[in-house]
Structures are given as C-alpha cells and as structure tokens.
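Peer 1: Please read through the structure below; I'll follow up with questions.
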Amino acid sequence: MKTDSSTSTPNLTRRTFIKQTAGISLVIGATGLVPQLFSCTDTAAINKALISESIGAWVRLTSDGIITILNPAAEMGQGSMTSLPVIFAEEMDADWDDVRVEFSPQESDIYGSEGWGPNRRIMLSAGSRVTKGYFNLLRRAGAQVRYVLRYSAAELWEVPLKEVTSAPSKIIHNSSGRSISYGDLVSHIFMPAELPDFKEGGLKDPVDFRLIGKDQPRTDIAGKVNGQAQFAIDVRLPGMLYAVIERGRVHGAKPTLTNKTDVEAMAGIISIAELGHGIGFIAEKIEQALAARKASQIEWSEAEMSGFDSERAYEEYSAIMNKGPRGRAVTEEGNARRVIRGASKIYKGDFKNDYVCHAQMEPLNSVVQVTEDGQHAEVWVGTQQGFDSKLGVPAALGIAPENVKIHMQYLGGGFGRRSMTDFVTEGALLAKEVAPRPVKLMWTREDDLTYGAYRPMSLQRVEAAVNGQGQITAFSHILVGDGDNLIASGIRNEYYDIPNQYAELRIVPHGVRLKHWRAVGHGPNKFAIECLIDEVARGEGIDPAVLRRRLMNKSPRALATLEEVVRISGWNDPSQEGRAKGMAFLERSGTLSSGVCEISVDRNSGKIKVHRFWSAHDAGIVIQPDNVRAQVEGGIVMGMSSVLKEKLDIVDGRAVQSNYHDYQLLRMEDAPESIETSIIASDGPPQGVGESGTPLVACCIANAFLALTGKRLRHLPFTPERVLEALNG
C-alpha cells in the first residue's frame, strides 16, 4: 500500500471501515438498478458494491459524474437537506453542481448523530442538534471518501499517494498534471487495506473551505415551489385505505364504543379498531372514516386530568410557591438564599406562561403497510425521527427492527411535535388490522389541538439581591409546573457574573400530554430572567445595556453579541415618539444571542406592534449564512406569534381551542417592518440556531413595553386584554 505522509497514520482497518462507514451500502448504478441493502457481514457483496459505484454509506457515484449524498436528518424547512451534504461535500472535495441529495436509510448504527452524548448514535432532528451533531462525523466520512478516491487514482496511475491531490470532483497527479474525474474513477475503485479515521487531523483547514461558510442554493426549495416535493400527506399507494381515530378530549381517558354494529354497517367501513386510548375507523375513503367517527357513540372513563382547569391551576401553583413543598435544586452556586435574606435591596417578580400548541401547518399523518404474515412493515412518514430510528413500530407490532423500513418524507412543520411517534405507532396498529392493505392515518388539526402535546404552563418567581453599587450579588429562580426537564431548560445564568445563584423545580403533575416546543423552557425562563434584569436596571437608574455589560465581564463571546446588537439597532439613538426599545440575551444549544426590538402600543385596543427586530449571534462555524439568518428570522416570527397570540386553555380536562379560528397565530399584517440578523464570525464548532431567535422575543417585547409605559408584562401571551390590564393597573 502506498502511504501518504500528509495524513494521520492509517489506523482504521478495512473491516472497521465496512462496519462503521459502509455497513449499509446503497447501490444504484448508472443503469438504474434496484437499490440493494447489504449487511456489514456480507463482505463479498460490499466488495462488489465498492467496485461498482458506492463508496461508503454516505455517497454514491455514477459514471456520469453525479454524486448522491445521503442526508440522515429530517427536512422540515431548517435546511438540513443542504447543510449536511455541504459538510460532506467539502471534505470529499465535490463540485456542488454535481451533487444530488436523498434521505438516508433510517439505521441509527450507521447514520446516527454524535450529538446526543458519548456512545450514542441517534437519528433525532430536535434540540438544534443536527448540524453540531453531524459536523465532525460527516467531515471524517467525506475525508475518507476523498482518501479512497485519491488512493484509487494512485493505484491506477501507479504513483505514490502523496503525489495525488484533489480539486472539485476530480483527482490530480501533481507532477505530471494528469487528472481524472470522480465519474471516470467509478470503474477503477480500489479499497485500501486501511484508512485513516481523521479524528486526530488530516481534515481541511477552515481557511481552505470552498463550500462551508458560503451560501449554496437550498436543494429542497425548487420542489417545494413547483409542487414536486413529496410530503407524507401526498403519499398514495395502490389499495390504500384511510383511517381516523376518536381519542376524546381528555388525555388518558379510555373509550367504550356502544354502537359498533351500526357503525360497521356504514358505507365504506372496512374495520373498527378498539385501542386503549381511542377508537380507530378504517374506510375506503377519508370522508367515510370521518363520517363513521362522527356517528360513533363512545363512553369515556375518568382520567387523571378529568376536571383539570388550567386557569385555576395558577392558584395551586401560587400556594406551592409560597408554602412548598420544596423541590429539586437545578443550580446552586454560592448561597443565594442567604444573601437575598440579608440584602438591603431586593427585586422580585412572579411570571406566568400558558400552554402553547405546535399548530404545525401539515396535519399529522402516516402511511403504514404491514405484510399479511404481520412480520414486516413499511412506513412513509414525515418525522423528526426519534431515539428509536424505527419510530416505535417494531415494539408496536412485535417484530424485529430489521423488518421495518422507514421511507422519510418532507415535513410540513415539526417544532418538536413530530419528534413524537404516536401518529406512527397508531398507524401501524391500524394497518395490522387490515394487512396487507396500506393505511393512511390522518390526524385532523382539531385532533392535534385537542389531543396534542403542549409546551407546559408554569409559574416562576425570580429574585435578585443588589448591593450599594448597583451590582446583582444573588439571583434566585423558583419554578412551579408540570413537565420536569421540559420546563427547566434556560434556567441557568452561566454567562452572567452573579456569584450566588439558585434555581429550583417544583413539579405538579396533571396528566396533560406535554412535549418539547421550539426552544422548550428557554422561552418562559429567559422571559422571567431577562425581565427582572431590566427591572433592576430601571430601579438602579442604569441603562439595560450597561448593566448587561457588567454582568458579561467574564464572558467575552456573550459580550460581543451584546455590543453587536447595540450597534446594529442604534440602541443609544432615541426612538421616535410613541416607540421604545427593549433588549435581552440568552444561550440556546450553544449559540449566544442578543436581541433588541422596537415596539409601539395602541392604548385603546391593547395591541402591541413590533416594528423592528435586531439580533446578533455567535453560532460557531456557520455552514450556510443565509440559511442561519432565515432560521433566526423564522424563529423570531414564531416567537412573536406565541408571545402575542397563542394560548391554549384547558377546562374540565378538555382543550378549549380546536383550530386556527380560536387558536390564533400571527398574521402577515403583524409581522415587523424589518428583521436584521448579524452573524459574528467564529472558528468554534457549529452550534444550533433553529431555536435561538424564538426565546428572545418575549423578554425583548416586555422590556420594550416597560421602557415605553413604565408598566410590567408578566403573563404570556401578551393578549390585548392583559396589555390593557397592565396599562390601567
């Protein structure tokens, strides 16, 4: 074997490469062969595949020079179908014009992210962990493919490997000037006996990046514009049936269908399935399934949340806040409680936030086909995936994971809701009833709003002790609500120099289905924290930016985002009459963010108008700058929707709102006049940006409202009624 002194010492054996990098080799030749999946133990088949047109698990080459890179993540508008292949193509040295992108198989051992902790390979697109979790993995995989191509050319030309380098989509022999395209190399692939793993070096220097950090056209946009992109709701299969489920309105209640015979006799009804939490109706047409559901007579059992009232729950939360019992400490640095008890000046506030629903545009749905013997299943679904890459189907059907094939589709909105698998496992159970005919399970929007999974409500009490120099010496944050870690995120203040900090969770279970919602607890928690910071600034006669500069004195990267947003927003310039600015800082998924917004208030109607929004972010190395800006801007608009509009009430255990007519979302007329996003150059590892903009909104608006009116907003959302109450209070 010819060695290359420019790379790390080869230490990855061919067997390990096959297991870790080509454990599943997806081969589609230039002749359009049917895809074949090879087990990592089938070395003969893999050898044939490698000699053919597949190099590793992540890429496929054809003799016409087309490079197909597999994307392991969900594509729900966040741009993974472009950003992840760009990372791989950068190290492979692929010409981006030659690249095509497809979803990878859902096999976490091969395609799982490294972003969920050591020794865990998980396919889950959530928590803004996609790019940061795949960055190093895809760079190494791309570099290994480039190494194989260089090695193959060196073998073909019978020259030392160190004399062979690459340019976009071709290999070059430096001394002779010979070159060969990647496509022409397809029939000359030689697999080296060993490969460098590139964990200790040998990757590109960031200064040499051609693709990373440059804007590339999104690979998914054209199809979404012209209608060719396929979402799960678009899937049609021969002989497909349709299904809906009546789940009731109280989470946890169990059904008894009392007129099953009558419903079974209705037109088009194929089967009725009695599930533990609902009744499934399977029919030839969706209209027939919906009609059967409407005609059904169901008796429901009592459940844990029967009688629960979300508005009255705040009374219970207040009692627990005042009298205990004590909960679990999340942060305990110094002795905040002792310092606060002995402080001469204390700032204090209680903050509330109501339930929020995901309300994604595409209703939940899945298509499942189970074989007649019940031992194999195929699933077509738009999903954020999960800790189980087969989405719970093997357990639901009692079959082996390798017998379940997932066909990934585009998502019409996720925001955390599609990281659940209930709409997939339900579909699998219904498909089993009518196997081998495929079944499309539809959740209507009413189904998801009334039997969904919500961002938790909570009550927060924050306290700050201030000394004679206006310095915050202690900070306490007590949080009461349901959801445990769902409500805990963002409660720490690690970038503020406050020597004594304490945070505590007091959990009150209600039986309400809860789930991650974009940025999870950061929205409510940073709202409380950042609002109290501004109240301290106002009380001490200090500009909010000046106070935050003091707090960030040991966090230069955080301070840089503050200084940048002060600059781009013209923070020190007075706003026009009737307007004011507010600011906030936070960290989410490793990204440091500072924001400023400018608002006005209609004092007659109570409506807040956000005119302009500025934000600055340090997100490490940025793969696609324009896409990062789009992520932040979209997050800010979604944040405005939740802060100004969105509110889900539960009365007697039942969700009150049911669709967009009463679960209000932000309208185009309410969008800001401008949103300006600044990305701070960084050489750190990439961080998550999909959730960075959303939690900035509540605190920025509330702080601008305080600056404009001298009044406080402490209950999310800021409905006109609550704004008028604050103005007149």
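The values are calculated or read from the model by the stated rules, or taken from the named source; none is laboratory data. What you see is a predicted model; the values in this text were computed from it and never measured. FYI the Cβ positions are ideal-geometry reconstructions off the backbone, even for glycines, and counts take in every protein chain you see. Side chains included, ligands, DNA and RNA excluded: accessible areas come from the protein's heavy atoms. Shrake-Rupley method; radii C 1.70, N 1.55, O 1.52, S 1.80 Å.
Peer 1: Using the Karplus equation 6.51 cos²θ - 1.76 cosθ + 1.60 (θ = phi - 60°), what ³J(HN,Hα) coupling, rounded to whole Hz, does each residue of the range 126-143 give in order, writing x for Gly and Pro?
Peer 2: In residue order, the calculated couplings are 7, x, 6, 9, 5, 5, 5, x, 9, 4, 5, 4, 6, 4, 5, 5, x, 5 Hz.
Peer 1: Now for a separate question. Which GluC sites (Glu not before Pro) in the range 652-706 sit in a loop by DSSP (not H, G, I, E or B) and have at most 10 other Cβ atoms within 10 Å of their own Cβ?
Peer 2: Taking the range 652-706 and a limit of 10 other Cβ atoms within 10 Å, the loop GluC sites (Glu not before Pro) found are 673.
Peer 1: What is the extension gain from residue 200 to residue 254, computed as 0.36 nm multiplied by their sequence separation minus the C-alpha to C-alpha distance, in nm to one decimal?
Peer 2: Taking residue 200 through residue 254 to full extension adds about 13.8 nm, to one decimal.
Peer 1: Suppose the chain between residue 167 and residue 287 were pulled fully straight at 0.36 nm per residue; how much longer would it get relative to their current alpha carbon spacing?
Peer 2: 37.5 nm
Peer 1: Now a separate question. Please work out how much length the chain gains when fully extended from residue 231 to residue 318, using 0.36 nm per residue of separation minus the C-alpha to C-alpha distance, in nm with one decimal.
Peer 2: Here the answer is 26.8 nm.
Peer 1: Which entries in 132/390; 132/214; 294/352; 348/645 show an alpha-carbon gap greater than 29 Å?
Peer 2: 294/352
Peer 1: Here's something else I'd like to know. How many times 2.2 N^0.38 Å is the alpha carbon radius of gyration of the chain?
Peer 2: 1.04
Peer 1: I need the peptides 75-87, 312-324, 346-358 ranked by packing, meaning the mean over residues of other C-beta atoms within 10 angstrom, with the highest value on top.
Peer 2: 75-87, 346-358, 312-324
Peer 1: Still on this structure, I have one more. Considering Cα pairs under 8 angstrom that are at least six residues apart, work out the relative contact order of the range 620-684 and quote it in whole percent.
Peer 2: 47
Peer 1: Let me ask another. Taking the simple approach of a point 7 Å from Cα along Cα-to-Cβ for both residue 375 and residue 658, what is their distance in nm?
Peer 2: Reported label-point gap for residue 375 and residue 658 is 4.6 nm.
Peer 1: Output needed: percent of Cα pairs per 5 Å distance bin for the range 302-398, bins running from 0 to the one holding the longest distance.
Peer 2: Percent of Cα pairs in each bin: 2, 7, 10, 12, 11, 10, 10, 11, 9, 7, 6, 3, 2, 1, 0, 0.
Peer 1: What's the ranking of 144-151, 692-699, 632-639 by average number of surrounding C-beta atoms within 10 Å, highest first?
Peer 2: Output ranking for 144-151, 692-699, 632-639: 692-699, 144-151, 632-639.
Peer 1: May I pose another question? Using a 10 Å cut-off on Cβ atoms, rank the peptides 171-179, 485-493 from the highest mean neighbour count down.
Peer 2: 485-493, 171-179
Peer 1: For the range 630-677, with all protein chains present and a 1.4 Å probe, just round the carbon and sulfur fraction of the accessible area to a whole percent.
Peer 2: It is 52 percent, rounded to a whole number.
Peer 1: Taking the solvent-accessible surface of protein heavy atoms with a 1.4 Å probe, what is the per residue accessible area of the range 459-582 in Å²?
Peer 2: Solvent-accessible surface per residue comes out at 35 Å².
Peer 1: Further, regarding this structure: Please list 3J(HN,Hα) in residue order for the range 428-436, calculated via the Karplus relation 6.51 cos²θ - 1.76 cosθ + 1.60 where θ = phi - 60°; whole Hz, with x for glycine and proline.
Peer 2: My calculation for the range 428-436 gives 5, 5, 6, 5, 4, 5, 10, 3, x Hz in order.
Peer 1: Next question, about the same structure. Could you calculate the FRET efficiency of residue 573 with residue 711 from 1/(1 + (r/R0)^6), where r is the beta carbon distance between them and R0 is 30 Å, rounded to 0.05?
Peer 2: After rounding to 0.05, the efficiency reads 0.80.
Peer 1: Round to the nearest 0.05 the FRET efficiency obtained for residue 224 and residue 513 when R0 = 30 Å and r is the Cβ-Cβ distance.
Peer 2: According to the calculation, E is roughly 0.50.
Peer 1: Would you mind telling me the share, in percent, of accessible area of the range 326-436 contributed by carbon and sulfur at probe 1.4 angstrom?
Peer 2: 49
Peer 1: About the Cα centre of the chain, how large is the charge dipole given +1 on each Lys and Arg Cβ and -1 on each Asp and Glu Cβ? Please answer in debye to the nearest 20.
Peer 2: It comes to approximately 1420 debye.
Peer 1: Using R₀ = 51 Å, calculate the FRET efficiency as 1/(1 + (r/R₀)^6) where r is the Cβ-Cβ separation of residue 178 and residue 215; round to 0.05.
Peer 2: Efficiency, rounded to the nearest 0.05: 0.95.
Peer 1: At 10 °C and 1.306 mPa s, what whole-number value in µm²/s does Stokes-Einstein give for the translational diffusion of the range 593-685, with Rh from the Kirkwood sum over Cα pairs?
Peer 2: 103
Peer 1: Would you calculate, for the chain, the mean residue ellipticity at 222 nm contributed by helices, counting each DSSP H stretch of 4 or more residues as -39,500 (n - 2.57) and dividing by all residues, to the nearest 500?
Peer 2: -9000 deg cm²/dmol
Peer 1: Also: With θ set to phi - 60° and the Karplus curve 6.51 cos²θ - 1.76 cosθ + 1.60, what are the ³J(HN,Hα) couplings of the range 358-375 in order, to the nearest whole Hz, using x for Gly and Pro?
Peer 2: 5, 6, 5, 5, 7, x, 4, 6, 7, 10, 10, 10, 10, 5, 4, 7, x, 9
Peer 1: Could you please state how large a percent of the accessible area of the range 497-588 is carbon and sulfur, counting protein chains only and using a 1.4 Å probe?
Peer 2: So the carbon and sulfur contribution to the accessible surface is 48 percent.
Peer 1: What's the whole-number percent of alpha carbon pairs in the range 77-209 lying beyond 20 angstrom?
Peer 2: 50
Peer 1: Report Rg/Rh for the range 237-294, rounded to two decimals, where Rg is the Cα radius of gyration and Rh the Kirkwood radius.
Peer 2: Result for the range 237-294 is an Rg/Rh of 0.98.
Peer 1: When each pair of different Cα atoms in the range 178-302 is counted once in the 1/r mean, what is the Kirkwood radius in angstroms, to one decimal?
Peer 2: One over the average 1/r among Cα pairs gives 20.8 Å for the range 178-302.
Peer 1: Another one. Output the Cα-based Rg and Dmax of the range 434-570 in Å, rounding Rg to one decimal and Dmax to a whole number.
Peer 2: 20.4, 76
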